[in-house]
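Contents: one structure, followed by commentary.
The values are calculated or read from the model by the stated rules, or taken from the named source; none is laboratory data. Quick caveat, the model's predicted, so the values are computed rather than measured. Here the Cβ is made from the backbone with ideal geometry for all residues, glycine too, and neighbour counts use every protein chain on show. Areas reflect the complete protein model, heavy atoms only, side chains present, ligands, DNA and RNA absent. Shrake-Rupley method; radii C 1.70, N 1.55, O 1.52, S 1.80 Å.
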Amino acid sequence: MEHMSAAPVVRPARPEDLPRLVELMREHMVYERSEPRAAGLAERLGAQLFADGARLWVLLAETPRGEIAGYAACSAEFSFWEARHYLHMDCLYLAEEARGHGLGAALMDGVAALARELGLGHVEWQTPDWNEGAIRFYDRLGATGKPKLRYALPVE
């Protein structure tokens, strides 16, 4: 990847970004050692992301050459103990060659700005406990971690 001296661009995803977004999502799934998802991911995601009144937001990070190199996916959630909504960042991913150039920090700034714009007081997310690079990155931002296990229960 070329040297990045220009400020990164972070912008909301558009319908025409879905093919590249799904490519990045599939890279992310491999990186996190997750199972591949069923065909039709772009169609299912687009139907939710671009629906009227959607409470799902995807921010994209672009290189100075205009290439989409990363994404952050967020949704509004409710904290029962706080009795208020917050922004849940479900995913943040940068293509390997795009790391170390400020795109991650720009995405996190975009996520924080989105939370403020929506009137939400904080952002929460998780990362695998083996992802030391992400943990160092989030620690440098001043975020605090809370150890928990994430469970999933299929009901279909």
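The chymotrypsin sites (Phe, Trp or Tyr not before Pro) of region 57-156 meeting both criteria, a DSSP state outside H, G, I, E and B (loop) and at most 13 other C-beta atoms within 10 angstrom of the site's C-beta, are Phe80, Trp81, Trp130, Tyr151. Of Leu141, Leu49, the order by accessible heavy-atom surface (1.4 Å probe, DNA, RNA and ligands excluded), from most exposed downward, is Leu141, Leu49.
In region 28-122, which trypsin sites (Lys or Arg not before Pro) fall in coil by DSSP and have 10 or fewer other Cβ atoms within 10 Å?
Values: sites: Arg33, Arg37, Arg44, Arg55, Arg65, Arg84, Arg99, Arg116; in loops: Arg33, Arg37, Arg55, Arg65, Arg99.
In loop regions of region 28-122 (DSSP not H, G, I, E or B), the sparsely surrounded trypsin sites (Lys or Arg not before Pro) are Arg33, Arg65.
With all protein chains kept in place, the per residue accessible area of the chain amounts to 66 square angstrom at a probe of 1.4 angstrom. As a fraction of the 1.4 Å probe accessible area of the chain, surface on carbon and sulfur atoms comes out at 53 percent. Ratio to report: Rg/Rh of the chain, with Cα atoms as the point set and Rh obtained by the Kirkwood method; give two decimals. Ratio of gyration radius to Kirkwood radius: 0.94. A 1.4 Å probe over all protein chains sorts Glu82, Glu117 by accessible area into Glu117, Glu82, starting with the largest. Please state the shape class of region 109-154: rounded when a/c is under 1.5, otherwise prolate if a/b exceeds b/c and oblate if not, all from the C-alpha gyration tensor. Oblate is the answer for region 109-154, as a/c is 1.5 or above yet b/c matches or exceeds a/b.
Largest accessible area first, the listed residues His122, His85 line up as His85, His122 when surface is computed with a 1.4 Å probe on the assembled protein chains. Rounded to the nearest 20 debye, the dipole magnitude of the chain is 300 debye, with +1 charges on Lys and Arg beta carbons, -1 on Asp and Glu beta carbons, and the Cα centre as origin.
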